[in-house]
Amino acid sequence: MDPCHFSPNLSSRSSQHPRRRRPCDRCHTVREKCRWGADDGDACERCSRLRFDCHTNRPVARAGRKARLTTGNRLPLRTGQSVLSAVEPYELSVRSGVDSHSPTTTSTCSEYSFESSPTTQTVTSRSTPRKQVELLEGIALFPELSDVEFHLLQLIAHKQTDVDKYLIGSSFRDQHQQAFIDHLAVPVVRDAFIACAPLLLEHRGVQQFAKSQLTGVTHKRAAAAIASLRQLQIDDDHDLLTVLILGVALVTFATHHGGELLLCRHILGLVKPLYDAGWSYPLTQRLGADGISCVICLLGTETMDCLIRCKLPTMKIRPGDLDETVDRFIGISAPLLTHFHELCEVAKVIYDSDCRHGALITDESVEITLTEIEEANTNWQPSIPKTNLNSFTPTEVILMFAQAKVLRLTALLVLHRLRYAFGTEDSVALAMANTILDELNLVISLTGQTIPFVDFAYLLSCFEITKAQERRAVLEKSHLIVDFSPRWHEQIQTWIVSFWAVRDKKASAPIYWEDINAYLPDGSSLHARPPRKAPLSPLRYHDASAVG
């Protein structure tokens, strides 16, 4: 008789055929047949053969169909026994067979070991000690994902993403990629990862295919992540890190499509109350390397735009909080973010007040502040961590010190232009601009790599160039320096050419820093400040009709 056939004699049937044990977590994750021995021991046959820890700790699945893509069920970062409690994001096993290009050969590296079979492929992370948590092998299998979407997650899990152009050096690559992997199990973060994954793939053929096939899907995933982001609340440090990782993923997507600065402001607005409230231990300990890097990425992106717009960034890093920090994006220059924030404060004061009379700043407090910032930047030296820089390659050390030099000079150039309008005191500004451009070109010629986080330095240096031949030369090399995304490169070029056109048109009229915004296309930046309606004095503009 068929054992599945209904029989009213249930008690006798159950005594003859005892209920089968649930598949263990490992077999369930990779969809392998889970067979138990006759003695019904502590480990299934597969785990015994492979010498795995065998356990069944996952929650019992709820009956019924699983919900498909919506934003409503993605809002909580943790809800009781959530996916994070059932599946720790430190060990990942990835469904194979999703795409014919999926790798099936055994691979090894210093951080990951691959176990391959015709039907499974497992990636086991060694980055977290087992004594901290009993690692479960595998992220949850996501039924709402299409095959292509799941393949994108598979590539992220295998660290097959091209992130080097965003980092100061390849020494940070594994750590940066692992930060993404550790949060793959969070649904709202997973949406953002799927949205930006086609932009990060190493294989250009797969990248082009994903972009062509998933344009609508990636925007839908990004919209779902943003909708959830608007309603997220931060309850503890883990939630804070998750929101920051989500923010970096969304900003990466937005930098290719627009709207990144509004995202930066919103996400940093979630962090600011916790930071301003004061923490009992340093920022670096509170957030860890991944969290610090996310804050620097978001804050640096916002700060440089706020300088142009004469606005205040969302938050200010307290002096000393980032000393001896070696960051994956900004290297040893993280403390300079505090100085750039101070420049934003001065720019906003100048914009909001009538403190200029011709070429002079009449507000004594503003001039004192500028002098203090100038002294601090002139005397600033990067604080080398106690571990020194022995763990980094010579190329990375060159990039870090060149980046520090460029950013320090950029701060001094901004300060100079806050004092003096374009068209006045140009020789000093041009000397600093040429030094910055020469340093950028020298690093590219020596290392073949671009210094990250120098887009604003390049933009401001190009503003100072007045000769046509030199202008053509810097534009021809712009793609080597501004390579974050095609859209961002195009916007930087547009700003440069637009400002040159204004300088040429107003050759005899000074252009003050606080009025730059009026001459630049708005692009996707934060809402542009309105141009000043009238000059503050007859000496200020020779052509008042051109203003605004």
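Going through segment 404-430 one residue at a time, which ones are among the hydrophobic types (A, V, I, L, M, F, W, C) and more than 33 Å from the chain's Cα centre (by Cα)? Residues satisfying the conditions are Ala421, Phe422, Val428. Only one entry in Asn377, Asn434 is within 27 Å of Asp327 (Cβ to Cβ) and in the same structural domain as Glu514 (by TED's automatic domain parsing), namely Asn377. Selection of segment 371-386 for residues being surrounded by fewer than 18 Cβ atoms within 10 Å (Cβ to Cβ) and touching a helix residue (DSSP H, G or I) at 6+ places or on another chain (Cβ under 8 Å) yields Glu374, Ala376, Thr378, Trp380. Out of Leu389, Leu442, Leu407, Leu413, one residue alone is surrounded by fewer than 17 Cβ atoms within 10 Å (Cβ to Cβ), under 21 Å from Leu475 (Cα atoms) and in contact (Cβ under 8 Å) with a residue 24 or more places away in the chain. It is Leu442.
Within segment 346-356, the set of residues being touching a residue at least 40 places away in the same chain (Cβ under 8 Å) and either touching a Pro at 6+ places or on another chain (Cβ under 8 Å) or surrounded by 13 or more Cβ atoms within 10 Å (Cβ to Cβ) (or both) comprises Val346, Ala347, Ile350, Tyr351, Arg356.
Per-residue answers, yes or no, for (1) surrounded by fewer than 20 Cβ atoms within 10 Å (Cβ to Cβ); (2) touching a residue at least 60 places away in the same chain (Cβ under 8 Å):
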| position | (1), (2) |
| --- | --- |
| Gln233 | yes, no |
| Asp239 | yes, yes |
| Thr242 | no, yes |
| Val251 | no, no |
| Leu261 | no, yes |
| Leu268 | no, no |
| Gly300 | no, yes |
| Pro313 | no, no |
| Thr325 | no, yes |
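Could you look through segment 416-436, keep only residues that are of a type in the set (Gly, Ala, Ser) and in a helix (DSSP H, G or I), and pick out the one that is surrounded by the fewest Cβ atoms within 10 Å (Cβ to Cβ)? Checking each candidate, the answer is Ser427.
Taking segment 341-382 on its own, how many of its residues are more than 27 Å from Asp305 (Cβ to Cβ) and part of a loop (DSSP other than H, G, I, E, B)? Total meeting the criteria: 3. Selection of segment 467-522 for residues being closer than 20 Å to Val251 by Cα and either in contact with a Pro (Cβ under 8 Å, 6 or more places away or on another chain) or free of Cβ contacts under 8 Å to residues at least 40 places away in the same chain (or both) yields Val482, His489, Glu490, Gln491, Ile492, Asp522.
Residues that are touching a Pro at 6+ places or on another chain (Cβ under 9 Å), of a type outside the set (D, E, K, R) and closer than 20 Å to Gly331 by Cβ within segment 145-185 comprise Tyr166, Leu167, Ile168, listed in sequence order.
The helices (runs of 4 or more DSSP H) found entirely in segment 193-309 that carry 3 or more residues being in the same structural domain as Ala411 (by TED's automatic domain parsing) and at pLDDT 90 or above are 283-309. Taking only segment 159-183 into account, find how many residues are in a loop (DSSP other than H, G, I, E, B) and buried (at least 20 other Cβ atoms within 10 Å of the Cβ). Residues flagged as in a loop (DSSP other than H, G, I, E, B) and buried (at least 20 other Cβ atoms within 10 Å of the Cβ) within segment 159-183 amount to 5.
Within segment 461-486, take every residue that is not β-branched (Val, Ile, Thr) and not in a helix (DSSP H, G or I) and give me the one that is farthest from the chain's Cα centre (by Cα). Here the residue is Lys467.
Scanning segment 439-460 for residues that are within 25 Å of the chain's Cα centre (by Cα) and polar (S, T, N, Q) returns Thr447, Gln449, Thr450.
Looking at Leu360, Leu343, which is the one that is buried (at least 21 other Cβ atoms within 10 Å of the Cβ) and out of contact with any Asp or Glu (no Cβ under 8 Å at 6 or more places or on another chain)? Steps first, answer last, please.
Values: Leu360 fails: buried (at least 21 other Cβ atoms within 10 Å of the Cβ).
Among Leu360, Leu343, only Leu343 is buried (at least 21 other Cβ atoms within 10 Å of the Cβ) and out of contact with any Asp or Glu (no Cβ under 8 Å at 6 or more places or on another chain).
Does Trp495 satisfy the condition of being within 22 Å of His256 (Cβ to Cβ) and either among the polar types (S, T, N, Q) or surrounded by 15 or more Cβ atoms within 10 Å (Cβ to Cβ) (or both)? Working first, answer last.
Numbers: within 22 Å of His256 (Cβ to Cβ): yes; either among the polar types (S, T, N, Q) or surrounded by 15 or more Cβ atoms within 10 Å (Cβ to Cβ) (or both): yes.
In short, yes.
The values are calculated or read from the model by the stated rules, or taken from the named source; none is laboratory data. All of these numbers come straight from a predicted model, not from anything done at the bench. Neighbour counts run over all protein chains shown; Cβ positions are idealised from the backbone, glycine included.
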